[in-house]
Amino acid sequence: MALKFSSVLGGAVSQLGWEDLGSKPSGVVCNWGKGTAETPSVVFWGLSTHRGIKSLDDGNPSNPGTEFQGIVDKVDNNDSGRILRDLASFPKPLSVTDISAAPKDGTKVRISYKGVPGAYSEDAALKAYPHCETVPCDEFEDAFKAVELWLAEKAVLPIENSLGGSIHRNYDLLLRHRLHIVGEVQLAVNLCLLAIPGVGIDQLRRVLSHPQALAQSDIILSKLGVSRENVDDSAGAAQYVASHGLSDAGVVASARAAEIYGLNILAERIQDDFDNITRYLVLARDPIIPRTNKLFKTSIVFTLEEGPGVLFKALAVFALRDINLTKIESRPQRKKPLRVVDDSNTGSAKYFDYLFYIDFEASMAEPRAQTALAHLQEFATFLRVLGCYPMDSFP
């Protein structure tokens with residue numbers, strides 16, 4: 001049944017998932033060292049003292065209703081007798097300009113993700129919440145906005161891949177929006193070669209998929225001698241090939257995409273490197289209460305003043321307390337990318353001004369983590385905790 005959306009103006013945040021860890025109201029401030037109650041120096045639950053970085057204005061979403069694709073494309077095949085599914089049964093992905101909320105029946109948590117049904121992000125959402133109701137969105141930012149506008153309780157978004165590296169767009173969006181990281185999911189990626197029923201692998205002349213999926217299956221695609229066509233979403237490519245009945249085109253996508261769109265799996269695990277894992281973040285409007293009864297991870301972002309050894313000192317606050325760092329990512333500040341400093345030769349020099357994103361293995365309920373952030377504040381000009389959440393026990 002297709003999803004139909006209507007406005008939701010309030011209500012309690014669902015506590016489903018991650019073993020019902022509870023929630024804490026957003027905006028709770030913890031001051032360490034500097035600052036006052038009016039101008040806190042460190043903000044624990046996501047509200048920062050950095051005046052130049054704000055979340056996007058929610059605006060006034062219109063209520064045009066959700067349109068659904070009415071494409072029905074049947075392919076006659078005497079051998080298999082399979083009929084491609086009615087694609088009108090799938091919801092059109094949400095976008096910022098076409099968002100209206102949906103009533104909840106109270107039985108399922110709603111998870112937004114980028115893509116169409118069958119996307120790997122949807123697989124990650126179903127891994128974290130097996131009985132969830134998934135909400136497809138056009139873009140990463142639409143998935144953020146769906147949670148902010150109460151269209152979904154949580155969002156699941158990729159943050160890094162073991163082969164492709166970090167998804168920088170989502171690092172930037174974490175800072176622009178006021179959502180909190182409440183969990184992580186690590187998903188082993190199984191790239192499959194798909195085609196419409198009755199088409200053999202030797203009949204393929206081109207293969208469609210996301211550029212990263214095509215790059216990660218370079219060996220087999222090169223052997224086949226097919227041309228490659230980039231699309232924004234691997235599941236979207238499967239939907240396109242199925243709806244148009246393309247007999248010369250294959251798709252690199254998931255096994256679920258094959259099942260959803262009635263495609264045949266010609267080959268599985270076609271990726272060049274079998275150890276292909278994508279890490280996803282689970283985001284919500286409110287944080288969860290950090291605890292010490294299981295392994296927790298904390299994600300933060302901060303900036304530093306320019307100077308010799310400043311980054312070393314910042315990272316040492318964790319080493320001094322035996323806190324393991326699992327990830328460090330630097331991103332130039334979008335609003336102030338360059339820093340001008342004095343230089344003895346030319347009078348001035350320009351450097352990139354960076355934001356540092358760090359994940360570390362410790363719960364904010366532990367005194368050592370609180371002390372480490374208090375120490376970090378001595379060097380940081382801006383510090384924000386993005387979330388404290390249970391570590392995923394892969395697989």
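A short reminder: the numbers here are calculations on the coordinates, not readings from a lab. Values in this document were obtained by computation on a predicted structure and should not be read as measured data. Quick reminder, even Gly has a Cβ in these numbers, built from the backbone with ideal geometry, and neighbours come from all protein chains shown.
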## Note on the structure
The simple spin-label model distance between E378 and D272, using points 7 Å out along Cα→Cβ, in nm, is 4.6 nm
### Query
Among I289, G307, A267, which residue has its Cα positioned farthest towards the positive end of the charge dipole of region 262-310, with +1 placed on the Cβ of Lys and Arg, -1 on the Cβ of Asp and Glu, and the dipole taken about the Cα centre?
I289
### Query
Here are some pairs, K223/K327; K114/K327; K127/K223; K127/K294; K108/K297; K127/K313; which of them have Cα atoms lying more than 30 Å apart in this structure?
K223/K327; K127/K223; K127/K313
### Query
At R321 and R206, where each label point lies 7 Å from the Cα along Cα→Cβ, what is the point-to-point distance in nanometres?
5.5 nm
## Note on the structure
Along region 272-282, Karplus-curve 3J(HN,Hα) (6.51, -1.76, 1.60; θ = phi - 60°) to the nearest Hz, with x for Gly and Pro, reads 4, 10, 5, 7, 10, 10, 10, 9, 10, 9, 9
### Cα point-scatterer Debye curve for region 248-331, base-10 log of I(q)/I(0) at q = 0.11, 0.14, 0.26 Å⁻¹
-0.65, -0.83, -1.39
### Message
What distance in nm lies between label points placed 7 Å from Cα along the C-beta direction at E361 and S243?
### Response
4.5 nm
### Summary
Stretched fully, the stretch from V310 through R291 gains (0.36 nm per residue minus C-alpha distance, one decimal, in nm) 3.8 nm
